[in-house]
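Report on one structure; see the data block that follows.
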Amino acid sequence: MRAPLLAIAAVALLALSGCAGQVPALSGAVTEPRGDAQDASARAAVSAAKIAVTTALIDDPSALPSVAELSDYGYAPDAETGAAVIRGTAADFCVEVASLSGTVFHATYSGSVTEGTCP
């Protein structure tokens, strides 16, 4: 909501200052940082879900927890990401989260957060 208001304010200021013909394109400046923030949120969600899965496996090493069970271990999806997807087995799991920008991130049980789907 702020971006359109800022764009309107910038155009109004330029018009008042006599520079109305020199208005820069604002569309790219508004959308790219938003995608970066959405991707950062998805990366953080992957890390939080991986920690929650690992903690759940300490309690019960026989099976992967469901996404719903992860809330008992501190993970909850937020508005910037979808719910995590857990793949694999208790001994070899992978957690995947999609950003609202469309980019998917994952982390294996022994790896860090990486762009792409689970292997």
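A few remarks follow.
- Counted residues, segment 61-85 - those being touching a Phe, Trp or Tyr at 6+ places or on another chain (Cβ under 9 Å) and farther than 17 Å from R43 by Cβ: 3
- Looking across T89, T117, T108, one residue alone is β-branched (V, I, T) and either in contact with a Ser or Thr (Cβ under 9 Å, 6 or more places away or on another chain) or at positive phi (or both). It is T108.
Here's the yes/no breakdown for (1) aromatic (F, W, Y); (2) surrounded by fewer than 16 Cβ atoms within 10 Å (Cβ to Cβ); (3) over 16 Å from the mean Cα position of the chain (by Cα); (4) in a helix (DSSP H, G or I):
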position: L64; (1), (2), (3), (4): no, no, yes, no
position: L70; (1), (2), (3), (4): no, no, yes, yes
position: Y75; (1), (2), (3), (4): yes, no, no, no
position: V95; (1), (2), (3), (4): no, no, no, no
position: S101; (1), (2), (3), (4): no, no, no, no
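- Within segment 103-119, being part of a loop (DSSP other than H, G, I, E, B) and in contact (Cβ under 8 Å) with a residue 60 or more places away in the chain holds for T103, V113.
- Matching residues, segment 77-89, being touching a Leu at 6+ places or on another chain (Cβ under 9 Å), in a strand (DSSP E or B) and surrounded by 13 or more Cβ atoms within 10 Å (Cβ to Cβ): T81, I86, R87, G88
The numbers here are math on the coordinates, done by the rules we state, and not lab data. Not measured: the values here are computed from a predicted model. Note that each Cβ is placed from the backbone with ideal geometry, even for glycine, and that neighbours are counted across all protein chains shown.
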